[in-house]
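Engineer: Attaching a single structure in structure tokens format; questions to follow.
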Amino acid sequence: MNQESDVLLEVRDLKKHYVLSKRTVFGRREMLRAVDGISFSLRRGETLGLVGESGCGKTTTGKCIVRLIEPTSGQISLEGEDVVGASPDRIREIRKQMQIIFQDPYSSLNPRMTVGQIVGEPFAIHGICAGKERRQRVEALIDRVGLTRDSYTRFPHEFSGGQRQRVGIARALALNPKLVVCDEPVSALDVSIQAQVLNLMVQLQKESGLTYLFISHGLSAVKHISRRVGVMYLGKLVELGETEALFSSPLHPYTEALMSAIPRPDPDIVRERVLLEGDATDSNHPPSGCPFHARCRYRMAVCENEEPAWRDLGGGHFAACHLR
Amino acid sequence: MMYADDGAQPMAPLLEIENLRVTFDGEDGEVTAVNGVTLSVGQGETVALVGESGCGKSMTALSVLRLVPAPLGAIRGGSVRFAGEELLMKTVEQMQEIRGRDIAMIFQEPMTSLNPVFTCGDQIMEAITRHRVVSKREAREQAVEMLRLVGIPMPERRLYEYPHQLSGGMRQRVMIGMALCCAPKLLIADEPTTALDVTIQAQILDLLRTLKRKIGMAILLITHDLGIVAEVAERVVIMYAGEVVEEAPVRSLFKKPAHPYTRGLLGSVPKLDRKEEELKTIPGNVPSLKSMPSGCRFHPRCPNARSLCAKAAPALLEIGEGQRVACWLYGLPSDREGVETL
Amino acid sequence: MIASENRGRVLRRLFRRPLTVIGLFLILANIVMVLFAPVLSPYNPEEMHLKDRHSPPSMKYLLGTDFYGRDILSRIIHGSRISFTLGLSVVAGGLLFGTTLGLVAGYFGGRVDSLLMRVTDIFLAFPQMVFAMAIMSVRGQGFGNVVLALTLTGWTAFARLVRAEALSLRDLEFVQAVQSLGARTPRILFRHLLPNLMAPIIVQATMGMATPILTEAALTFLGIGIPPNVPSWGGMLSVDRDFMETAWWSVTFPGLAIACTVLGFNLFGDGLRDALDPKLRA
């Protein structure tokens, strides 16, 4: 199988820095390094999970990929075509191929539009179809996501969180995109509804051959839906690998701490907790060397001074750690 | 029926809620948010109150301290007894004495639970001086001690910092410190870690366990996360649509869940140790408070529903070893007394 | 903006509330007066009946006469042509211009926002009267010039209001959603942001009816507004200002006319805002 043509999305050294303040007296600007040089690729039809805690930059990464946020530097290419430098006309076309699902079911739908209008908006924007044909296509989408036909004329506030999220999914699928970036799509939902929506997403992926970038801090959900998982910390990728391998034998100390922190629904499990001290430091004062060294229980002298290289440690399992 | 920690003999429960009814004035009139809830918490026991959004667990907790937001919300009936005394009969002043001193509460969002214009030190000291007669210097010392106890580094300095200068995990610790500074017998924690990262959550849960051991405090923990329940709770109460549907010691709940809703909840959580093709879900949605199904409130979504379930609502029935369930699967009306019918 | 399926729903909701219907009635009364003034007025509004100056309401003069003996009822009916139309034009002009500017400023933020807000500040810096006076003295008296002068000072309220709302809306995810779908900016502004801003705009528009009418009164009084013989409610107020005690009818009725018009817009505006809001139950 030709590996190259399998790659749908390629991200190289993506950076997004925010300038917090203009020059201080000492002439240095305060910067927030939300995303600080990450690289990965997505194969057609797979689901890559992107996990990390608040402030790690995963949401910013997702939004940079669909160019809702302009990256500071780096390359993003979809099917070989450059996304970052694309002209406004070109990006409009590219947008049909990649869509995004948002976290908050309450603010991701226009409260003044009916479900029919919301799901039909992609068609309206691109002038694809109108009138009866549009209505039929919208109704087909509403069916696909498991909502009833009468949702067409109703407003978002009449629906529950899970149902609204389905509307968001329908909207994202309208233009038959190849890539769907999912930004915490189930985090705001109740446990039983999360399960429904996750099942729906898996089913839609099988039907349409979609590729997902699944961004979430909910590790159980990520494990269920992703084939590969990337772990981010303070704007950098610290580990990336197949889901099973990453969860059962994590290579990076942060991943290890994350895994051990997840509470398991089984009272008989007695595990030794890896408790991290303190909180993540701010992204605008990243520590020198390895970003995690201050909280790492295995830290060595080199970790403070030198940033570890991102290396393939066997079988496509990458990590950036001096221990390995 | 409850058992003490060592299982030796039943002790008088610290908190007893019986048949609590709370209504809420919504957009379309009055709805019953809490419909006859009965539960208890023993001395030094950790009880988890579990349910999804809208099930009434937060309202139940607020009712204990009589903090239900009036005038829209109102306690309509039932009894809440703390250390033998009926809280629903107390005056506002008496409740204010109890709050913070005997029963304390911590909330989900530390940013909005702490006053942004006062320093952390001011807020903790206020909590201390409210219930204890101490000098300002003593209050400050106790505040520092409290911050140290909850694991905040450099507590002397933190006293003078404002909430926005601290991270989410630290703010939550400050709130726990404020709640515990007068060593209450009962701590009500309403989703205390939902808004926090999972590593911070682990720290906070660890802290709660440690403090509980040190102070011998009882905890009523409200959450929707079954993982936390397994780690922290000794007994679990499951609520659905304003009612208690199951109550059990934690091991029994996870090994032998009785109520179909409990089983559905446990099935919905993606397992970390095995691979599943499809998650077992509970079909449908939580009914809105305005249009509750007749009979058992869960029956439209229940895989085991029978015709009886739509007609009559089952009461809680003891099925052994401290496990109680409200479900017709475990006994028909002829076997039981006190059945609720429409 | 409103899907055809929902138009019926909105109309039904509009007519359900009695206060809204009253408001609509008052507005329609004004429109009728504007259109059919010569037919409805018993007298020529500019004709002075010098023998009957300041006569109280009677069968001959239903609402009495003013200082110059002109029939108040006729002047009120004709006055609607000036005052009502004036209020409407000033509000419409201010709304269109201010809303567009506010939308652009709020949505784009950054330098565009700063520039547009500085422009707004410049216009805000002028006291309305002084600015209007300056324009009138340059351009002379007349209805059109008054409208121009008042619009140039009145639009700023809309701009600031809309900008503030747009700023808070543009970071909401549904706006990001249409951006990610490839929508062009005008569509985002007018199809997505604007409908969510209707409520404050409507409120500002209805409130904004009163000010132009009263400012015009002051300008006319100073001689730089409408020519004095042309009837306008505000003008009637200034002419008979000093005679409130002796000839109360000469100021009370024009005052009532202004109040009823403004009230009519307010009531109808409230009803319209609520009828357009999908979240409120019918």
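Engineer: From the residues B:L265, B:M178, B:I238, which one has its Cα farthest along the dipole of chain B in the positive direction, the dipole being from +1 and -1 charges on Cβ of Lys/Arg and Asp/Glu about the Cα centre?
Structural biologist: My answer, from the dipole projection, is B:M178.
Engineer: Let me ask another. Looking only at other chains, what is the average number of their beta-carbon atoms within 10 angstrom of each beta-carbon in B:281-287?
Structural biologist: 5
Engineer: Which order results if C:M59, C:M129, A:M31 are arranged by neighbouring Cβ count within 10 Å, fewest first?
Structural biologist: C:M59, C:M129, A:M31
Engineer: What spacing in nm lies between the two simple spin-label points modelled at C:A29 and A:E158, each 7 Å away from Cα in the Cβ direction?
Structural biologist: Once both label points are built, they end up 3.8 nm from each other.
Engineer: From zero up to wherever the largest Cα-Cα distance of the stretch B:167-313 sits, split into 10 Å bins and tell me the percent of pairs in each.
Structural biologist: Result returned by the calculation: 9, 33, 31, 20, 7, 0.
Engineer: Which GluC sites (Glu not before Pro) does the stretch B:178-244 hold that lie in a coil by DSSP with at most 10 other beta carbons within 10 Å?
Structural biologist: Within the stretch B:178-244, no GluC sites (Glu not before Pro) qualify (loop, at most 10 other Cβ atoms within 10 Å).
Engineer: With each label point set 7 Å from Cα along the Cα-Cβ vector, what nm distance links A:D268 and A:L323?
Structural biologist: 2.9
Engineer: Which of the lysines could be linked to C:K60 by a straight reach, that is with a Cα gap under 21 Å, when you skip same-chain ones fewer than 8 residues away?
Structural biologist: C:K51
Engineer: Can you give the mean number of other chain Cβ atoms that lie within 10 Å of the Cβ atoms in peptide B:274-280? Intermediate results must be reported in sequence, preceding the final value.
Structural biologist: Details: counts 0, 4, 1, 3, 6, 13, 3.
The mean count of partner-chain Cβ atoms within 10 Å per residue comes to 4.
Engineer: Separate question: Calculate the spin-label point distance for B:Q94 paired with A:M300, positioning each point 7 Å from the Cα along the beta-carbon direction, and give it in nanometres.
Structural biologist: 6.7
Engineer: Which angle from 0 to 90°, rounded to the nearest 10, does the C-alpha axis of helix C:4-16 make with the longest principal axis of chain C?
Structural biologist: For helix C:4-16, the angle is close to 40 degrees.
Engineer: Right, next: Checking the a/c ratio against 1.5 first, then a/b against b/c, what shape does the Cα gyration tensor give for the stretch C:1-119?
Structural biologist: Oblate.
Engineer: Rounded, prolate or oblate: pick one for the stretch B:60-113, where a ≥ b ≥ c are the square roots of the eigenvalues of its C-alpha gyration tensor, a/c under 1.5 means rounded, and failing that, prolate if a/b is larger than b/c, else oblate. Mind showing how you got there, number by number?
Structural biologist: Details: a/c = 1.89, a/b = 1.27, b/c = 1.49.
Since a/c reaches 1.5 but b/c is at least a/b, the shape of the stretch B:60-113 is classed as oblate.
Engineer: Next question, about the same structure. Beta carbons within 10 angstrom, averaged per residue: use that to sort the peptides B:295-301, A:169-175, B:263-269, A:143-149, highest first.
Structural biologist: Answer by packing, highest mean first, reads A:169-175, B:295-301, B:263-269, A:143-149.
Engineer: Moving on to the next point. Count, for each residue of A:160-170, the Cβ atoms from other chains sitting within 10 Å of its Cβ, then give me the mean as a whole number.
Structural biologist: 1
Engineer: Cross-link candidates for A:K63: which lysines have Cα within less than 21 Å, leaving aside residues fewer than 8 places away along the same chain?
Structural biologist: Partners within reach: A:K15, A:K16, A:K96, A:K178, A:K236.
Engineer: Starting from the Cα-Cα distance between B:H164 and B:R251, subtract it from 0.36 nm times their residue separation and give me the gain in nm to one decimal.
Structural biologist: 27.3 nm
Engineer: Packing-wise, with mean Cβ within 10 Å as the measure, how do A:6-15, A:62-71, C:38-47 rank, highest first?
Structural biologist: A:62-71, A:6-15, C:38-47
Engineer: Placing unit charges on C-beta atoms (Lys and Arg positive, Asp and Glu negative, everything else neutral), compute the dipole magnitude of chain A about its Cα centre in debye, rounded to 20.
Structural biologist: Details: 42 positive and 39 negative charges, 165 e Å.
Charge dipole of chain A: 800 debye, to the nearest 20.
Engineer: Then there's this: For the stretch B:151-263, what proportion of DSSP beta bridges, expressed in % and rounded to the nearest 5, is antiparallel?
Structural biologist: 55
Engineer: Run the reach check for B:K90 against lysines, Cα to Cα strictly under 19 Å, same-chain hits fewer than 8 apart removed. What comes back?
Structural biologist: Once the sequence-local lysines are set aside, what remains near B:K90 is B:K185.
Engineer: Can you find, among C:A166, C:V203, C:A257, the residue sitting farthest towards the positive end of the charge dipole of the protein assembly as shown, where Lys and Arg contribute +1 and Asp and Glu -1 at Cβ?
Structural biologist: Projecting each Cα onto the dipole axis, the largest value belongs to C:A257.
Engineer: Another question, then. Are there any helices in chain A, counted as whole DSSP H runs, that stretch 15 Å or more along their axis by Cα and score at least -1.0 on average by Kyte-Doolittle, and if so which?
Structural biologist: Values: long enough: A:115-126 (18 Å, 0.78); A:131-144 (20 Å, -1.57); A:161-173 (18 Å, -0.43); A:191-208 (26 Å, 0.32).
Span-like helices here: A:115-126, A:161-173, A:191-208.
Engineer: Cα gyration tensor of chain C, axes a ≥ b ≥ c as square roots of the eigenvalues: rounded (a/c below 1.5), prolate (a/b > b/c) or oblate?
Structural biologist: In terms of gyration-tensor shape, oblate.
Engineer: Separate question: Counting only Cα, what are the radius of gyration and maximum Cα-Cα distance Dmax of the protein assembly as shown, in Å?
Structural biologist: Values for the protein assembly as shown (Cα only, Rg and Dmax): 33.9, 110 Å.
Engineer: About the Cα centre of the stretch C:24-276, how large is the charge dipole given +1 on each Lys and Arg Cβ and -1 on each Asp and Glu Cβ? Please answer in debye to the nearest 20.
Structural biologist: My answer is approximately 600 debye.
Engineer: Under a point-charge model restricted to the Cβ atoms of Lys and Arg (+1) and Asp and Glu (-1), what is the dipole moment magnitude of the protein assembly as shown relative to its Cα centre, in debye to the nearest 20? Don't jump to the answer; show the numbers that get you there.
Structural biologist: Numbers: 106 positive and 99 negative charges, 332 e Å.
Dipole of the protein assembly as shown, to the nearest 20 debye: 1600 debye.
FYI, it's all coordinate maths here, none of it is from the lab. Values in this document were obtained by computation on a predicted structure and should not be read as measured data. Quick reminder, even Gly has a Cβ in these numbers, built from the backbone with ideal geometry, and neighbours come from all protein chains shown.
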